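The values are calculated or read from the model by the stated rules, or taken from the named source; none is laboratory data. Just so it is clear, the model here is predicted, and its values are computed rather than measured. Every residue, glycine as well, gets a Cβ built from its backbone with ideal geometry; the counts of neighbours run over all protein chains shown.
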Amino acid sequence: MNAFLRAHPWATLSLFVPTIMLGLVMLVLPFLNGVLLAFTDASPKSRGFAWVGLENFAYIFEDRNFWEVARNSLTIIASSTLIAMLLGLALALLLNEGLRGTRLFRTLIFQGWVVPWIAIAVLWGWLFNFDYGIVNHVLVLAGVFDRSANWLADGALAKIVIISGFVWRIIPFMMITILAALQGVSTELIEAAKIDGATYRQRLRHIVFPLIRNVIVVAALLQAVRLFQEITLPLVVTAGGPINATTTLSLYTYKLAFQQWDFGLAGAVGAVWSGALVVAAGLYAWMVDRRARRADR
Amino acid sequence: MSAIAIGSPMSRALRGAGLYALVLLSLCVMLFPIGWMIVTSFKLPDEIFVRPPTIYPHAPTLQGYGVAFSGTIMMALANSLIIAAGAAAIATTAGSLCAYGVSRSRFAGRTAFMTLLLATLGLPIPLLMLTLYLMFSWSGILNTHLCLILSHAAITLPVVVWMLKDFFDALPPDVEEAAYIDGASLYTCFWRIVVPMTTPGLAAAGIFVFVTSWNEFIFGLAFTTSSSVRPLPAMISLLFLGEFQYRWGDAMAVAVVVTIPVMALFVFFQRYFIQGITAGAVKS
């Protein structure tokens, strides 16, 4: 440790003050107070509030909508993450072949990552337009559909619209992360396996995958947590419909809070969501820990 | 791929061609939406509502861009710029001080502190918004740039600390120690020596915050009521769900306009973007 910093503890402490203040006031306090709100009937539209015990929780657990929303969120986020992971892995493997022009390819693929969600939302509405959308046109032309599908009017199709938007946006992240991991795999190890006559598939399965598996899983988990927060596509493209089919947990909570102005119910959903996240975070910590222990060995 | 992995020059050439074909195919699929957005933005309504769709605008028009560069959208763009720049300044300043502290001292609970920071990224945003809304409303800063600047700075701060800690860790402490021995104070040393040596890291962090704020949608929608404050994504969503409905050419032009600033940043600072992205996932 730095001798100066040890000699000046107060100056050192002051380095942390802005971050801790901002974090406490803008993140920790709103989180704790949000959980407290779950036990009240608070609303910005009414003065004062009353404690209602577990009523809000009882209400959402009995509400069919809540379970439907939870299930839909899981379906949408799990499939988006999985598909993006597989496609990102495929692209990363392709880029890792050392073809000429790889850098340009990486840069171009990466463009998707910087397109703002709102632009994707507007664009996806147009791509999947019933009458004049290019997706319908191509699918009918290719003979996949007999006639144009009304994407936003059918629950399963609307989910596909949202999932495809999510996948398109996070593929670049998956690709870059996995590529970074692939480039960390020792070439000597690969060459040795080649000399021993291992085929491409064998090398992938027995050498490369075991080495990058944790990075892939952690990257996927990270994206899944982020997608749970994502609200632009469901709100703008489908408005959560038809009949909740694309209402994710974040949109559901937002609607409870800022359309119905029921902060109590919204707090309860947020609290349950946080509880689920604690489990996910535990899983994450466990995996990071396992990876660290493996690296030590 | 595997069937013709090693072998004659002929099969190797075939494999190369196959790989390039795959590369081209994935490029087409990934870039198509962006291309289609641009193509549509130059079409007149007559050409938008036709079947089959035309591949390129036969009668290119700037009509959509006339709408995109109108007063409402430009005001929202200015709001977004102010908010993103403000958030980047606050988060980078606070985050760099904190990251420097974490990097250079060895207090107990250092790892726990960093893990806690990372954990805040998972806190449900809509849950936080309840109290933020009440707080902003009580303190009278609801519907101001300030409340969005603070919100955006807060949600990006944990990542900024993580990114910058890596940069400070990589910086040899010898120079700072020499400065301390010469009698420099902590903050003099920080601003005069540490900051100039880590400008790439600070740029990466600043860009990360700027882009995140530029993209952020739901705070901008919930915490603003007037168009003199409302940032671009929230403004676009209101227009798109309202008067822009079915005006696809205009909507696409606006989508292009909201994308251009971040894409331009990306083209110039690509390296920093990628650092920001892999910071949390590959290391940690």
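In segment A:91-127, which residues are crowded, with 22+ Cβ neighbours inside 10 Å and over 19 Å from B:A253 (Cβ atoms)?
Result: A:L91, A:A92, A:L95, A:I109.
Quick check, is A:R205 within 11 Å of chain B (Cβ to nearest Cβ), at pLDDT 85 or above and out of contact with any helix residue (DSSP H, G or I) (no Cβ under 9 Å at 6 or more places or on another chain)? Don't jump to the end; show me each part of the working.
Working: within 11 Å of chain B (Cβ to nearest Cβ): yes; at pLDDT 85 or above: yes; out of contact with any helix residue (DSSP H, G or I) (no Cβ under 9 Å at 6 or more places or on another chain): yes.
Answer is yes for this residue.
Just to be sure I understand the filter: pairs with C-beta atoms under 6 Å, separated by 6 or more residues or on different chains, first member in segment A:236-258 and more than 15 Å from A:I76 (Cβ to Cβ), second member in a helix (DSSP H, G or I) and among the acidic types (D, E). Which pairs pass?
Correct list of pairs: empty, since none qualify.
In this structure, is B:T72 more than 10 Å from chain A (Cβ to nearest Cβ), of a type in the set (V, I, T), surrounded by fewer than 21 Cβ atoms within 10 Å (Cβ to Cβ) and not in a helix (DSSP H, G or I)?
No: the conditions fail for B:T72.
May I ask you to list the residues in segment A:208-247 that are more than 10 Å from every other protein chain (Cβ to nearest Cβ), outside any helix (DSSP H, G or I) and among the β-branched types (V, I, T)?
A:I243, A:T246, A:T247, listed by residue number.
Would you tally the residues in segment A:102-115 being facing another protein chain (nearest Cβ under 8 Å) and more than 18 Å from B:F32 (Cβ to Cβ)?
Within segment A:102-115, residues that are facing another protein chain (nearest Cβ under 8 Å) and more than 18 Å from B:F32 (Cβ to Cβ) number 0.
For the condition in contact (Cβ under 8 Å) with a residue 40 or more places away in the chain, among the aromatic types (F, W, Y) and part of a helix (DSSP H, G or I), what is the one hit in B:F208, B:F240? Quick ask: steps written out before the conclusion?
Values: B:F240 fails: in contact (Cβ under 8 Å) with a residue 40 or more places away in the chain.
Step by step, each of B:F208, B:F240 is checked, and only B:F208 is in contact (Cβ under 8 Å) with a residue 40 or more places away in the chain, among the aromatic types (F, W, Y) and part of a helix (DSSP H, G or I).
Based on what the data block shows, is B:P60 at pLDDT 85 or above, surrounded by fewer than 20 Cβ atoms within 10 Å (Cβ to Cβ) and part of a loop (DSSP other than H, G, I, E, B)?
Answer is yes for this residue.
Can you tell me which residue among B:L127, B:L118, B:L150 is assigned to a helix (DSSP H, G or I), at pLDDT 95 or above, under 20 Å from the mean Cα position of the chain (by Cα) and among the aliphatic types (A, V, I, L, M)?
B:L150
Which residues, counting only those in segment A:128-166, are within 19 Å of B:A255 (Cβ to Cβ) and part of a helix (DSSP H, G or I)?
Taking segment A:128-166 first, the residues within 19 Å of B:A255 (Cβ to Cβ) are A:128-129, A:132-135, A:151-152, A:161-162, A:164-166.
Listed by number, the residues that qualify are A:I134, A:V135, A:W151, A:L152, A:V161, A:I162, A:S164, A:G165, A:F166.
Mind telling me which of the residues B:R104, B:R110 ends up being surrounded by 15 or more Cβ atoms within 10 Å (Cβ to Cβ) and charged (D, E, K, R)?
Of B:R104, B:R110, the one residue that is surrounded by 15 or more Cβ atoms within 10 Å (Cβ to Cβ) and charged (D, E, K, R) is B:R104.
Just one of B:G86, B:G109 is in the same structural domain as B:T212 (by TED's automatic domain parsing) and within 24 Å of A:V288 (Cβ to Cβ); which is it?
B:G109
Which of (1) part of a helix (DSSP H, G or I); (2) modelled with pLDDT under 90; (3) surrounded by fewer than 20 Cβ atoms within 10 Å (Cβ to Cβ) is the odd one out, the single condition A:G275 does not satisfy?
Only one criterion is unmet by A:G275, namely (2).
Is it true that B:V229 is crowded, with 21+ Cβ neighbours inside 10 Å and outside any helix (DSSP H, G or I)?
yes
Of the residues B:I125, B:I141, B:I155, B:I149, which single one is facing another protein chain (nearest Cβ under 7 Å) and β-branched (V, I, T)?
Only one candidate qualifies: B:I125.
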